[in-house]
Amino acid sequence: MHVGIIMDGNGRWAQQRGLIRTQGHLEGLQAAKRIVKAASDRGIQYLTLYAFSTENWKRAAEETGFIMGLVKQYLRSEMNFYRDNRIRVRYAGDTAGLPPDIADEIAAAMADTREFDGMQVIVALNYGGRDELVRAVKRLAAQRFAEGQDMAAVTEKDIAACLDNPDVPDPDLIIRSAGEYRTSNFLLWEGAYAELYVSAKFWPDWTDDDLAEALDAYRSRDRRFGGIAANG
């Protein structure tokens, strides 16, 4: 099973408590650690965490810098956790737009966990669904040019093979916290038929119980992928 999570509401969580927004991001990191452990314990094979979008760079430099620092800290400090739980760290997004030290930290975490056979955690950082599609088309065009082929006969399979993680199955469930009913440029291609689950709770308040509730809701859905229900 593949679960994607749009971790929303860190700033609002902090503002409701009279705290600065960065405190919300710090608490959001703790929530992410809880949910990664809970997902691993529940046997989820793939977990994609929407940590920072291509649009998030519009925020104040202090806030974006703090988030990048948290990511770097988390990747470096959790190696024992990855090893104990056999968790493989992967990446979705454009590393060219990341600070070099963050890109290096991601590359190191991926290399150090590459052989682990437990849950795969995909960190979506400097990620946008539209940007991923643009980069995929550019990769495909470069391949076709090198092979002396044109783009006239491009198929969905060709594009899918050029996405950031073409071997990862499409998400079955996309969760969003903080009550917002939109996908915000997250896994636009891969999530075409994902089930959506929206929680009113801000991300820093999320626990294993919230993940369990989302999974229970998913299991009650009738997934038809554009077809007709068996009793319809």
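Computed quantities for the displayed model
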| quantity | calculated |
| --- | --- |
| Only listed residue being touching a residue at least 12 places away in the same chain (Cβ under 8 Å), out of contact with any Lys or Arg (no Cβ under 8 Å at 6 or more places or on another chain) and closer than 18 Å to Asp216 by Cα, chosen from Ile5, Ile44 | Ile44 |
| Out of Glu55, Glu63, sole residue that is under 16 Å from Leu187 (Cβ atoms), surrounded by fewer than 19 Cβ atoms within 10 Å (Cβ to Cβ) and touching a Ser or Thr at 6+ places or on another chain (Cβ under 9 Å) | Glu55 |
| The one condition in (1) surrounded by 19 or more Cβ atoms within 10 Å (Cβ to Cβ); (2) at pLDDT below 95 that Ala178 fails to fulfil | (2) |
| Number of the condition not met by Glu156 [criteria: (1) free of Cβ contacts under 8 Å to residues at least 12 places away in the same chain; (2) closer than 22 Å to Phe52 by Cα] | (2) |
| Residue satisfying condition, being in contact (Cβ under 8 Å) with a residue 60 or more places away in the chain and not hydroxyl-bearing (Ser, Thr, Tyr), within set Gly148, Gly93 | Gly93 |
| Residue that is surrounded by the fewest Cβ atoms within 10 Å (Cβ to Cβ), among those in region 193-232 that are of a type in the set (Gly, Ala, Ser) and at pLDDT 95 or above | Ala200 |
| Residue ranges of helices (runs of 4 or more DSSP H) in region 1-109 with at least 1 members hydroxyl-bearing (Ser, Thr, Tyr) | 21-41, 61-77, 79-85 |
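The values are calculated or read from the model by the stated rules, or taken from the named source; none is laboratory data. Computed from a prediction, not measured in an experiment: that's the story for all the values here. Heads up, the Cβs are rebuilt from the backbone with ideal geometry, glycines too, and the neighbour counts pull from every protein chain shown.
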